[in-house]
Amino acid sequence: MQSDQTTKTCLLFLDAPFQSYGASSDWDIRGTQWFPTKSSTVGMLTAAMGYGRTHPELEALLPRLSSFHMIAVAVPTEVRLGNTYSRKVMPSKMRDYHVIREGQTRRCERNAIGDLAVNTAPVVTERWYLNDSRFIVLLTMPTDEVARIQAALENPVYLISFGRRNCLPSSPLLRGVFDSVEEAWNSEVAKALTRGCQMIELPFMRDVDSPGEGNDVIMDVPISFGRRKFGSRSVLVNIPNSMTTGGDSDEESNDAAVPDSV
């Protein structure tokens, strides 16, 4: 994305043992995308600025924050094989099980003689996470928004988490403000995090202006957090052929699969 003097780009580094970014999950299976979603990123910003989910001003603010151009780049882990050879791999997915509603009414059912019987059985849900994942997120926004966003991320009002409240950052989130995406990516900060890789060499997902420019559409643009209402956006997903994914063999059953290539 080309930038000009009216916009700035914030470089965020998302680093945590666990991250989770659902976009199409149901009640019993809470999946995760391979990349941070627009809703999770906007949620981090609103939490940092002190807006709760039901804040009366939040829904008016969401369209402006959602309009920020977003590029999420996975920073792969290097796995050493032997003394001299290493392989870069994508984050793996991990499945966890949660038991909820124990001792509470789940639903009423009629028994064999037609009487209503209360089913109080615990509900077991699946929660999916990305293991040991790291992402660079480049957010391009109007210049007049930068000071507020920067101040909030450096001194957040509410706790920042990566998709779920138990997914806490391992390191500082904001790593710099730059004049353009190109300047941010070519900065010493980004080079240190990516070990000098070009963006095209790494897995990424970025906003596109029209569906014809992308290869996927996801429902992750927040319209209302309180009512859990989301809109769609078109994205371009790039997964280099040299990258591999790991995780549970059933992982494709939750949320979006990764395209083979673009």
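The values are calculated or read from the model by the stated rules, or taken from the named source; none is laboratory data. Here the structure is a predicted model, which is why all the values come from computation and not from measurement. Backbone-built Cβ (ideal geometry, glycine too); neighbour counts: all protein chains shown.
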Hey, any hits in the range 57-66 for a residue that's in contact (Cβ under 8 Å) with a residue 60 or more places away in the chain and farther than 26 Å from Pro142 by Cβ?
no
Kindly establish whether Leu202 is surrounded by fewer than 17 Cβ atoms within 10 Å (Cβ to Cβ), of a type outside the set (S, T, N, Q), touching a strand residue (DSSP E or B) at 6+ places or on another chain (Cβ under 7 Å) and within 27 Å of Gly22 (Cα to Cα).
no
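Let's see how each residue does on (1) in contact with a strand residue (DSSP E or B) (Cβ under 8 Å, 6 or more places away or on another chain); (2) over 20 Å from Gln19 (Cα atoms); (3) at pLDDT 75 or above:
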position	(1), (2), (3)
Glu78	yes, no, no
Arg87	yes, yes, no
Arg134	yes, no, yes
Ala151	no, yes, yes
Gly163	yes, no, yes
Does the range 49-62 hold any residues that are more than 13 Å from Glu145 (Cβ to Cβ) and either within 18 Å of the chain's Cα centre (by Cα) or in a helix (DSSP H, G or I) (or both), and which are they?
Arg53, Leu58, Glu59, Ala60, Leu62
Out of the residues in the range 134-189 that are among the hydrophobic types (A, V, I, L, M, F, W, C) and in a loop (DSSP other than H, G, I, E, B), which is surrounded by the fewest Cβ atoms within 10 Å (Cβ to Cβ)?
Leu159
Please identify the pairs in which a residue from the range 194-219 that is touching a residue at least 24 places away in the same chain (Cβ under 8 Å) has its Cβ atom under 8 Å from the Cβ atom of a residue that is of a type in the set (Ser, Thr, Tyr) and in a helix (DSSP H, G or I), counting only partners at least 6 apart or on another chain.
Leu202/Thr194
Among (1) at pLDDT below 95; (2) out of contact with any helix residue (DSSP H, G or I) (no Cβ under 7 Å at 6 or more places or on another chain), there is one condition Val217 misses while meeting the rest; what is its number?
(2)
Just need a number here: residues in the range 205-228 that are crowded, with 19+ Cβ neighbours inside 10 Å and hydroxyl-bearing (Ser, Thr, Tyr).
0
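So that you can scan it fast, the table gives a plain yes or no per residue for (1) within 10 Å of the chain's Cα centre (by Cα); (2) modelled with pLDDT of 95 or more:
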{"site": "Ser3", "(1), (2)": "no, no"}
{"site": "Thr6", "(1), (2)": "no, no"}
{"site": "Arg30", "(1), (2)": "no, no"}
{"site": "Trp34", "(1), (2)": "yes, no"}
{"site": "Lys38", "(1), (2)": "yes, yes"}
